[in-house]
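The values are calculated or read from the model by the stated rules, or taken from the named source; none is laboratory data. Quick caveat: nothing in here was measured; it's all calculated off a predicted structure. Cβ placement follows ideal geometry from the backbone for every residue including glycine, while neighbour counts extend to all protein chains displayed.
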Ligand code: FAE
């Protein structure tokens, strides 16, 4: 296929639509028509972007606006076609095959309740949430066109400026806070809950209890911006629109209300007419097309069906390749490509500097007079900012079970100093991560600076029934993988991969393990900064 041929097709999320619709037994005429357009074997593209999360979406939009034809290759589904129940995504309380990426059983982050396991059997399918298991940690990630934006809480937090030098040393903070953070916030559609509504709605009773307890112990309580459409949520509460955040939708996708990348960056990329998407296509290899790298790159892509089987392998060429497969996806690819000789000159920093953003979870058992409500919005809107004193930012998170639990639940982001590395295991044929569960202890210690004090003040105790039997800390997982191709180490100061002109990293892999708050605004802002410089200097 010619470069012009690809560009004329515009933005078409094809194969995911076709296979997704077939499996859900609800193909539509438009879905079938659009399905004709995934990338063809032998195609030549100007820019190939691997993955359609925050980094990939920013790259696609800005390259397309600069006149470059872009092909976005995404291993997950398109998530644009409703199933037989009329919904694209399933509910957290009733997970079905759409929930998890290629699992026969759900793997909920909170996998116990009252000490009983709550996971259930599901049909293996290319679902939207991947619980990817490594030896010492399970890393949760979004799979599909829109990446993590499909499954995340939408909390859109700009770090405190005084923490920025630790987050991205070598990046000009003045530029980031004057230009790129504001740009990212505007493009993502970030807003904050109306405080008067927050104070009156049943759906945030849990957060008001969180506020009361934080403030009584002297901790700063802050509203946290989010990309959920707050006006829509108020209308959900009023009963005038279909409910999403107020009906338990979040972890396996929101059918309404959330401004995912599909509604922001990717919609604008589509409008340029220069962006094409191949869903259910996974990049397996990238290597120089003609020895030196200047002749572009050969990219091997595997097309998947909704059972995860490879149904076609396609070889294409690209003038430039942007790695935006997420911290884990990009790191796994790069260590494999270096070790297997596809990109042997990648430097030794590739795979290193990986962190969990200091994530740790816990719950507290309240007294009966501090009910947290059977109605809970799934979208967190507030947190405890204890960076100054104890090194933790704790999001007051929902526990939307549909019944009164008397539980307060928190996801803490801490300054955990531990960093892990990805390595290619040639015997096993996979990339492995050497994180150890015990490395969460500094995070637990920092979280305790908040919650031990609150428990002492309130006369309450930790819940021990949410992550196992008599297990207090959710220390087995992260939602926020960061690093593995760190800016200024594995790449230059803008994400160019050493030794390979035309290869770039543009996602969370660039960030060395911690952002002090939820990461996607920083990932987006950094991608905006880097792509601007790359377009100006390289294209
Ligand atoms: P990401 O969004 O993960 O996109 C990478 C994409 O690449 C994915 O769509 C992959 O399917 C795809 N991919 C991977 N490998 C390949 C391959 N070989 N070929 C083709 N495609 C591939 O990367 N962050 C916040 O700031 N606020 C929150 O409230 C928040 N809540 C979260 C809740 C959950 C449950 C989870 C899982 C994450 C949450 N996050 C949150 C984290 C946030 O979503 C994450 O940092 C970003 O999505 C990472 O953006 P990237 O562009 O790095």
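Among the residues of segment 269-287, what is the count of those that are farther than 19 Å from residue 539 by Cβ, more than 12 Å from the ligand (Cβ to nearest atom) and touching a strand residue (DSSP E or B) at 6+ places or on another chain (Cβ under 6 Å)?
Total meeting the criteria: 1.
When the residues of segment 221-242 are narrowed to those that are in a loop (DSSP other than H, G, I, E, B) and surrounded by 18 or more Cβ atoms within 10 Å (Cβ to Cβ), which ends up farthest from the ligand (Cβ to nearest atom)? Quick ask: steps written out before the conclusion?
Kept after step one, since they are in a loop (DSSP other than H, G, I, E, B), are these residues of segment 221-242: 224-225, 227, 229, 239-242.
So of that shortlist, the ones also surrounded by 18 or more Cβ atoms within 10 Å (Cβ to Cβ) come out as 224-225, 227, 229.
On the way: 224: 9, 225: 10, 227: 9, 229: 15 Å.
Going through the qualifying residues, I end up with 229.
Can you tell me which residues in segment 246-256 are more than 15 Å from the ligand (Cβ to nearest atom) and either part of a loop (DSSP other than H, G, I, E, B) or surrounded by fewer than 22 Cβ atoms within 10 Å (Cβ to Cβ) (or both)?
Those that are more than 15 Å from the ligand (Cβ to nearest atom) and either part of a loop (DSSP other than H, G, I, E, B) or surrounded by fewer than 22 Cβ atoms within 10 Å (Cβ to Cβ) (or both): 247, 255, 256.
Which of the residues spanning segment 354-371 are surrounded by fewer than 22 Cβ atoms within 10 Å (Cβ to Cβ) and touching a helix residue (DSSP H, G or I) at 6+ places or on another chain (Cβ under 8 Å)?
So in segment 354-371, the residues surrounded by fewer than 22 Cβ atoms within 10 Å (Cβ to Cβ) come out as 365-371.
Hits for segment 354-371 are 366, 367, 370, 371.
Working only within segment 184-198, note down all residues that are under 25 Å from the mean Cα position of the chain (by Cα), surrounded by fewer than 17 Cβ atoms within 10 Å (Cβ to Cβ) and part of a helix (DSSP H, G or I).
The answer is 186, and nothing else.
Since residue 290 meets every condition but one in (1) in a loop (DSSP other than H, G, I, E, B); (2) in contact with a strand residue (DSSP E or B) (Cβ under 7 Å, 6 or more places away or on another chain), which condition does it not meet?
(2)
Please go through segment 320-332 and pick out each residue that is touching a helix residue (DSSP H, G or I) at 6+ places or on another chain (Cβ under 9 Å) and more than 8 Å from the ligand (Cβ to nearest atom).
Scanning segment 320-332 gives 320, 322, 323, 331.
Whether any residue in segment 296-307 is in contact with a helix residue (DSSP H, G or I) (Cβ under 6 Å, 6 or more places away or on another chain) and at pLDDT 95 or above is what I want to check. Break it down stepwise before answering.
Here is the first cut: in segment 296-307, the ones in contact with a helix residue (DSSP H, G or I) (Cβ under 6 Å, 6 or more places away or on another chain) are 305-306.
Filter again for at pLDDT 95 or above, leaving 305-306.
Taking every residue of segment 296-307 in turn, at least one turns out to be in contact with a helix residue (DSSP H, G or I) (Cβ under 6 Å, 6 or more places away or on another chain) and at pLDDT 95 or above.
Is it the case that segment 109-123 has a residue that's modelled with pLDDT under 95, within 15 Å of the ligand (Cβ to nearest atom), closer than 26 Å to residue 523 by Cβ and assigned to a loop (DSSP other than H, G, I, E, B)?
yes
Identify, from the list 504, 494, the residue that is in contact with a helix residue (DSSP H, G or I) (Cβ under 7 Å, 6 or more places away or on another chain), closer than 19 Å to residue 330 by Cα and more than 14 Å from the ligand (Cβ to nearest atom).
The unique qualifying residue is 494.
Quick one: which residue in 145, 157, 68 is touching a strand residue (DSSP E or B) at 6+ places or on another chain (Cβ under 6 Å) and within 12 Å of the ligand (Cβ to nearest atom)?
So the residue among 145, 157, 68 that is touching a strand residue (DSSP E or B) at 6+ places or on another chain (Cβ under 6 Å) and within 12 Å of the ligand (Cβ to nearest atom) is 145.
Per-residue answers, yes or no, for (1) within 24 Å of the chain's Cα centre (by Cα); (2) surrounded by 24 or more Cβ atoms within 10 Å (Cβ to Cβ); (3) over 30 Å from residue 316 (Cβ atoms):
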{"position": "200", "(1), (2), (3)": "no, no, yes"}
{"position": "207", "(1), (2), (3)": "yes, yes, yes"}
{"position": "212", "(1), (2), (3)": "no, no, yes"}
{"position": "217", "(1), (2), (3)": "no, no, yes"}
{"position": "244", "(1), (2), (3)": "yes, yes, yes"}
{"position": "258", "(1), (2), (3)": "yes, yes, yes"}
{"position": "268", "(1), (2), (3)": "yes, no, no"}
{"position": "278", "(1), (2), (3)": "yes, yes, no"}
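On the given criteria, is residue 351 in a loop (DSSP other than H, G, I, E, B), at pLDDT below 95, over 30 Å from residue 234 (Cβ atoms) and in contact with a helix residue (DSSP H, G or I) (Cβ under 6 Å, 6 or more places away or on another chain)?
No, not satisfied.
Look through segment 129-142, keep the residues that are more than 6 Å from the ligand (Cβ to nearest atom) and either in a strand (DSSP E or B) or under 11 Å from the mean Cα position of the chain (by Cα) (or both), and return whichever of them is nearest to residue 98 (Cα to Cα). Outline the logic, then answer.
Of segment 129-142, the ones more than 6 Å from the ligand (Cβ to nearest atom) are 129-139.
Okay, now just the ones that are also either in a strand (DSSP E or B) or under 11 Å from the mean Cα position of the chain (by Cα) (or both), so 129-133, 138-139.
Working: 129: 8, 130: 11, 131: 13, 132: 16, 133: 19, 138: 19, 139: 18 Å.
Selected residue: 129.
From 83, 154, 115, 146, grab the single residue that is in contact (Cβ under 8 Å) with a residue 60 or more places away in the chain and surrounded by fewer than 22 Cβ atoms within 10 Å (Cβ to Cβ).
Every option except 115 fails the conditions.
So, in segment 39-61, of the ones that are outside any loop (DSSP other than H, G, I, E, B) and surrounded by fewer than 23 Cβ atoms within 10 Å (Cβ to Cβ), which residue ends up farthest from the chain's Cα centre (by Cα)?
My answer is 44.
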